[in-house]
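Single-structure report; data block below.
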Amino acid sequence: MTVDMNELVAQARGNRDRSHVPYSNFRAGAAVFTDLGDVFPGVIVENVSLGLAMCAERVALFSAAAVGQRPVALALVAPKTSGDPTWPCGACLQVALELGGPELPVHVGAINADEPIHTATVGDLLPRGPRIVKSER
């Protein structure tokens, strides 16, 4: 089963509209494609207590895990940061590593659908992560 990267990013882009961002207005949407061919949405959910906020990527990853499915691709669409694409944070990468492994592709799209999609693996983005997980097993 293969994932259509463009479709997954388009779904992540559409999910941005449901973001709960009353403090930052930083709308982010994610989508996870799973081993069973399902797609799970994710949106950023802010809270007045910053530590209780949740990134869109983790919402999507946790939703897939909650029904026993394994992520095989992750997409994120968010505003650019300092003019560059916004990639998942360290916490999201750690969860992606645990649930999908170091080869899990991460596709990052821009708000403007005409801009290119950037792709890297979790292992590329969290280079020491694969060694740490392997050493614990």
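The set of residues in the range 13-41 being out of contact with any Leu (no Cβ under 6 Å at 6 or more places or on another chain) and touching a residue at least 40 places away in the same chain (Cβ under 8 Å) consists of 13, 15, 16, 26, 27, 28, 29.
One residue alone among 103, 115 is over 12 Å from residue 76 (Cα atoms) and open to solvent by 70 Å² or more (accessible area, probe 1.4 Å), and that residue is 103.
Please give the strands (runs of 3 or more DSSP E) falling wholly within the range 48-137 in which 2 or more residues are among the hydroxyl-bearing types (Ser, Thr, Tyr). Full working, then the answer.
Working: elements: 71-77, 105-109, 118-121.
Once the strands (runs of 3 or more DSSP E) in the range 48-137 are filtered for at least 2 residues that are among the hydroxyl-bearing types (Ser, Thr, Tyr), what remains is 118-121.
A single entry from 39, 32, 9 fulfils the requirement of being in contact with a strand residue (DSSP E or B) (Cβ under 8 Å, 6 or more places away or on another chain) and farther than 22 Å from residue 114 by Cα: 39.
Sort out which residues of the range 62-79 are under 16 Å from residue 8 (Cα atoms) and open to solvent by 70 Å² or more (accessible area, probe 1.4 Å), and write them in order of number. Result: 70, single match.
Yes or no, residue by residue, for (1) over 14 Å from the mean Cα position of the chain (by Cα); (2) on the phi > 0 side of the Ramachandran plot; (3) open to solvent by 50 Å² or more (accessible area, probe 1.4 Å):
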residue: 7; (1), (2), (3): yes, no, yes
residue: 24; (1), (2), (3): yes, no, yes
residue: 31; (1), (2), (3): no, no, no
residue: 60; (1), (2), (3): no, no, no
residue: 81; (1), (2), (3): yes, no, yes
residue: 98; (1), (2), (3): no, no, yes
residue: 110; (1), (2), (3): no, no, no
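I want to confirm something. Restricting to the range 33-56 and keeping residues that are within 10 Å of the chain's Cα centre (by Cα) and open to solvent by less than 60 Å² (accessible area, probe 1.4 Å), which single residue is nearest to residue 18 (Cα to Cα)? Looking at the filtered set, the residue picked out is 43.
Being of a type in the set (Lys, Arg) and under 16 Å from residue 107 (Cα atoms) is the filter; apply it to the range 9-22 and report the residue that is least open to solvent (accessible area, probe 1.4 Å). Reasoning before the result, please.
Step one: of the range 9-22, the residues of a type in the set (Lys, Arg) are 13, 16, 18.
Adding the requirement that they be under 16 Å from residue 107 (Cα atoms) leaves 13, 16.
Numbers: 13: 50, 16: 34 Å².
Residue satisfying both the conditions and the ranking: 16.
The values are calculated or read from the model by the stated rules, or taken from the named source; none is laboratory data. Just so it is clear, the structure is predicted and the values come from calculations on it, not from any experiment. Glycine also receives a Cβ, built like all others from the backbone with ideal geometry; neighbour counts cover every protein chain displayed. These area figures cover heavy atoms from the full protein model, side chains too; ligands, DNA and RNA do not enter into them. Shrake-Rupley method; radii C 1.70, N 1.55, O 1.52, S 1.80 Å.
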